[in-house]
Amino acid sequence: VQLQASGGGLVQAGGWLRLSCTASGRPFGYYHVAWFRQAPGKEREFVAAVSWSSGGSTLYTPSVKGRFTISRDSAKNTVYLQMNNLKPEDTAVYYCVTTTRWGTRDRADFGSWGQGTLVTVSS
């Protein structure tokens, strides 16, 4: 499945953005979908994940819990990452990816890496 991440931009600290991840070619189906991010000079890190099931279980890295919300709209074949109360340390390129292994945070278990979308948070 090919993924396209969008919605990034420049925002002041305390502001918000909503990222979208749209699948083309085929639906997400039974894939879990996650967001990773990579800040300048740092390794790519797990941010959040949502399961494929209708219940939509979610996982978050501790630094974004309570500020970010991941959700999926199966009818639109889209996964969202609502990011509130943004901080300068959230500045990164954000990637949406898929996995069949629920609960993993190892980037080696994820595929369909696209170009990502840049989020810049100014102080």
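FYI, it's all coordinate maths here, none of it is from the lab. Since the model is a prediction, treat every value here as computed from it, not as a measurement. No Cβ is skipped: glycine too gets one built from the backbone with ideal geometry, and neighbour counts run over all protein chains shown.
Which cross-chain or sequence-distant (5 or more) residues have an amide H under 5 Å from the amide H of V47, H modelled 1.01 Å from N in plane?
Here W35, F36, R37 satisfy the definition.
Quick one: what are the phi-derived ³J(HN,Hα) couplings along the stretch 67-83, Karplus 6.51/-1.76/1.60 with θ = phi - 60°, whole Hz, x for glycine and proline?
Along the stretch 67-83, the couplings run 10, 9, 9, 9, 8, 9, 10, 5, 5, 9, 6, 9, 10, 10, 10, 7, 10 Hz.
Using the 2.2 N^0.38 Å rule of thumb for compact globular proteins, work out how the stretch 1-103 stacks up: its C-alpha Rg over that value, please. Mind dumping the intermediate values first?
Details: Rg = 13.1 Å, N = 103, 2.2 N^0.38 = 12.8 Å.
In units of the 2.2 N^0.38 Å rule of thumb, it is 1.02.
So if R0 is 22 Å, what FRET efficiency would A75 and T104 give, r being the distance between their Cβ atoms, rounded to the nearest 0.05?
Using R0 = 22 Å, I get an efficiency of 0.25.
Label-point separation (nm) for T120 and Q12, each offset 7 Å from Cα along Cα-to-Cβ?
1.7 nm
Full extension from S63 to E89: what is 0.36 nm times the residue separation minus their Cα-Cα distance, to one decimal in nm? Please list the in-between numbers first.
Details: separation 26, 0.36 × 26 = 9.36 nm, distance 0.97 nm.
Between S63 and E89, full extension yields an extra 8.4 nm.
For the stretch 76-120, what is one quarter of the convex hull surface built on the Cα atoms, given in nm²? Write down the numbers at each step before the final one.
Working: hull surface 17.2 nm².
Average of the hull's projected areas for the stretch 76-120 equals 4.3 nm².
Which value does Rg/Rh take for the stretch 1-42 over its C-alpha atoms, Rh per Kirkwood? Numbers along the way, then the final one.
Working: Rg = 13.3 Å, Rh = 12.6 Å.
Taking Rh as the inverse mean 1/r over Cα pairs, Rg/Rh reads 1.05.
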